[in-house]
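Read-outs: derived from the displayed coordinates by stated rules, not from any lab. All figures in this text were calculated on a predicted structure; none of them were measured in a lab. All Cβ positions, glycine included, derive from the backbone under ideal geometry; neighbour counts span all protein chains shown.
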Amino acid sequence: MKLALMCRNPALYSHARLVEAAQARGHEIEVIDHLKCYINITSLRASVRYQGRDLPKYDAVIPRIGASVTFYGAAVLRQFEVMGVYPVNESVAITRSRDKLRSMQLLARKGVGLPVTVFAHKTSQPHEILELIGGAPVVIKLLEGTQGIGVVLGETDLAAESIIQAFGGANVNILVQEYIKEAKGEDIRCLVVGGKVVASMRRKGREGEFRSNLHRGGSADKVSITPAERSTAISAAKAMGLNVCGVDMLRSNHGPVVMEVNSSPGLEGVEKATGVDVAGKIIEFIEKHAEPNKTATKGKG
């Protein structure tokens, strides 16, 4: 098969592993920097221009689009879809998952477990938000942010109100969520490929850190998940329309609650923690499912 990998940095572990896995299974794979692509939208002659040439019609494209360039990356991916190339994750599904508010609304509509969450803009009544959640401690998040950036813990009502007002002064949208104390700074990341959980790890924040992101010094180890956690991860991936994703969950007293669904999950932490060849699982999924003009969303938002 002839594959394309959309990414900015081919040297990253995840991207190098995908190239390695594809080549090991006998496929040809080309790495494309989507920010350096031009899109020809002309009717009947749709194409993607890259490094002075029109790109061929690949059998499949693997999108690894950074959060900061979602709009342009999704536009390039959408052009591949117009050209009939099979997308491992569709553009619509990626943009859904990157919008924290929209993704949580979609998950809630499908009955997926979530922490109590309030969405707000500039507010002069932060106590009303806290009343809706049930009081501090709460986690306050910028609507745009990745790898734990823009996430703050309000441990008391007074502290939480001050943080909410400060964000309000910056004229930004925020999410305020209940703090799941019983999770003890740990979360579970499940890697879902083709509607199946292929690997799971437990992430724990460094001492004194409530965020468990590995980028912030957290650690990871292999973990066995419960049937409820497996079902939740699969349901969350399906609600987003993602074939490949990382589903981050907390273990709460009322069952697993989803914090985020990541459409471009890092592979290094989970492969090293579990020993599972996740990159190989992704290539195997492509082999079984890639077909021309095969998209599930058909352009729906």
Please report the relative contact order for segment 151-201, taking Cα pairs under 8 Å with a sequence separation of at least 6, and give it as a percent rounded to a whole number. 17
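Using a 10 Å cut-off around each Cβ, can you sort CYS190, CYS37 from fewest to most neighbouring Cβ atoms?
Details: CYS190 28, CYS37 20.
Ordered from fewest to most neighbouring Cβ atoms within 10 Å, CYS190, CYS37 come out as CYS37, CYS190.
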Distance in nm between ALA228 and ASP54 label points, each 7 Å along Cα→Cβ, equals 5.5
Determine, from the Cβ-Cβ distance of GLN165 and LYS36 and an R0 of 45 Å, the FRET efficiency 1/(1 + (r/R0)^6), rounded to the nearest 0.05. 0.60
Determine which aspartates and glutamates satisfy two conditions relative to LYS204: a Cα distance under 20 Å, and not lying fewer than 8 residues away in the same chain. GLU155, GLU178, GLU182, GLU186, ASP187, ASP221, GLU229, ASP248, GLU260, GLU268, GLU271
Using alpha carbons only, how many angstrom separate the centre of segment 246-267 from the centre of segment 1-75? 27
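When PHE285, PHE167 are ordered from fewest to most other Cβ atoms inside 10 Å of their Cβ, what list results?
Numbers: PHE285 19, PHE167 23.
Starting with the residue having the fewest Cβ neighbours, the order is PHE285, PHE167.
Please compute the contact order of segment 182-277 in relative form: average sequence separation of alpha-carbon pairs under 8 Å and at least six residues apart, divided by the residue count, as a percent.
Details: 198 pairs, mean separation 29.2, N = 96.
Once normalised by length, the contact order is 30 percent.
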Relative contact order of the chain (C-alpha contacts under 8 Å, at least 6 apart) in percent is 19
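How much of the DSSP bridge set in the chain is antiparallel, in percent, rounded to the nearest 5?
Numbers: 45 of 56 bridges.
Expressed as a percentage, antiparallel bridges in the chain total about 80.
Taking the Cα centre of segment 182-277 as the origin, how large is its charge dipole in debye, to the nearest 20, when only Lys and Arg (+1) and Asp and Glu (-1) carry charge on their Cβ atoms?
Details: 14 positive and 12 negative charges, 17 e Å.
With only Lys, Arg, Asp and Glu charged at Cβ, the dipole is about 80 debye.
Taking neighbour counts of Cβ atoms within 10 Å as a proxy for exposure, in what order, fewest first, do SER252, SER103 appear? Before the final figure, lay out the partial values.
Details: SER252 16, SER103 20.
Neighbour counts put them in this order, fewest first: SER252, SER103.
About the Cα centre, and with charges only on the beta carbon of Lys, Arg (+1) and Asp, Glu (-1), how big is the dipole of the chain? Nearest 20 debye, please. Working shown, then result.
Working: 39 positive and 31 negative charges, 160 e Å.
Computed charge dipole of the chain: roughly 760 debye.
Compute the convex hull volume of the Cα atoms of segment 2-91, divide it by the residue count, and report the result per residue in Å³ as a whole number. Numbers along the way, then the final one.
Numbers: hull volume 8.2 nm³, N = 90.
Once divided by residue count, the hull of segment 2-91 is 91 Å³.
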Suppose each label sits 7 Å from its Cα in the direction of the beta carbon; what would the GLN105-THR156 distance come out to in nanometres? 3.6
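Volume per residue, Å³, of the convex hull around the alpha-carbon atoms of the chain?
Details: hull volume 40.6 nm³, N = 301.
Considering the Cα atoms of the chain, their hull volume per residue is 135 Å³.
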Assuming 0.36 nm per residue, please report the length gained on full extension of the stretch ASN9 to PHE119 beyond their Cα-Cα distance. 36.2 nm
Among the listed pairs LYS181/LYS222; LYS2/LYS141; LYS100/LYS294, those beyond 30 Å (Cα-Cα): LYS2/LYS141
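For segment 256-300, what is Rg from Cα atoms divided by 2.2 N^0.38 Å, rounded to two decimals? Each step should come with its number before you reach the end.
Details: Rg = 14.2 Å, N = 45, 2.2 N^0.38 = 9.3 Å.
Normalised by 2.2 N^0.38 Å, the Cα Rg of segment 256-300 equals 1.52.
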